[in-house]
């Protein structure tokens with residue numbers, strides 16, 4: 001069957017309907033790709049703004065994504081109720097640099113990485129650049145653009161989730177390291193230095209078999225299976241991987257203290 005033809009409203013030319021359908025399919029695919037994916041579990045967005053309409057707008061924008069929105073009117077009020085979660089972000093009215101600096105200092109002292117989005121009514125030239133310089137994930141002028149803010153919040157939440165998983169893995173690694181005995185730590189140092197079991201045995205005046213037994217216990221405690229993994233773990237080359245869903249870089253949010 002021959003495809004029927006449709007007239008282009010722009011040029012007046014006629015094109016096969018199959019081409020018309022293909023263009024619509026590509027547009028629909030692009031629109032679908034731009035839509036935010038479902039929020040990670042237990043997602044929460046904090047908003048610090050005296051403007052009640054801003055909190056209402058954020059709640060309306062995020063209503064379909066199971067993201068809990070908690071409003072505070074001031075930085076002090078926010079800090080009094082905030083408890084670091086597995087997946088949260090901050091939406092903050094931009095302008096009070098002293099309050100924002102104090103907030104960032106308190107978050108760093110609490111070892112919290114909280115991705116932040118700044119918003120402002122009638123922003124001045126350079127406000128967006130200054131907001132990003134302060135570590136913001138994004139900057140928006142009021143009234144808020146629903147689609148762009150929604151995408152920015154989802155991006156911030158993924159950053160938060162990834163930072164949380166990294167902290168958990170780092171804590172687990174430190175806990176495993178703490179299980180090693182003083183003698184095992186000495187063995188670790190020799191392995192990292194590149195010494196063989198025979199060389200370690202000679203240095204410590206013990207048998208090679210004893211060294212190998214120590215290494216086996218070390219690998220078991222640390223849940224690794226090679227000297228390369230041991231070296232990476234102890235000299236800080238291991239970077240905790242993402243959870244397989246979120247691949248964004250860890251930049252762009254208020255840093256956690258290490």
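Read-outs: derived from the displayed coordinates by stated rules, not from any lab. Computed from a predicted model, the values in this text were never measured in an experiment. Ideal geometry is used to build each Cβ from the backbone, glycine not excepted, and the neighbour counts take in all protein chains shown.
Quick notes on this structure:
- Each of the peptides 200-206, 42-48, 153-159 was scored by the mean count of other Cβ atoms within 10 Å over its residues; in descending order, highest first, they stand as 153-159, 42-48, 200-206.
- Gyration tensor over alpha-carbon atoms, the stretch 179-234, equivalent ellipsoid semi-axes in Å: 17, 12, 10
- Base-10 log of normalised Debye intensity for the stretch 127-206 (one unit scatterer per alpha-carbon) at q = 0.19 Å⁻¹: -0.91
- The percentage of C-alpha pairs in the stretch 44-169 whose separation is greater than 25 Å is 16%.
- Cβ-based exposure ranking for 122, 77, in which fewest neighbours within 10 Å come first: 122, 77
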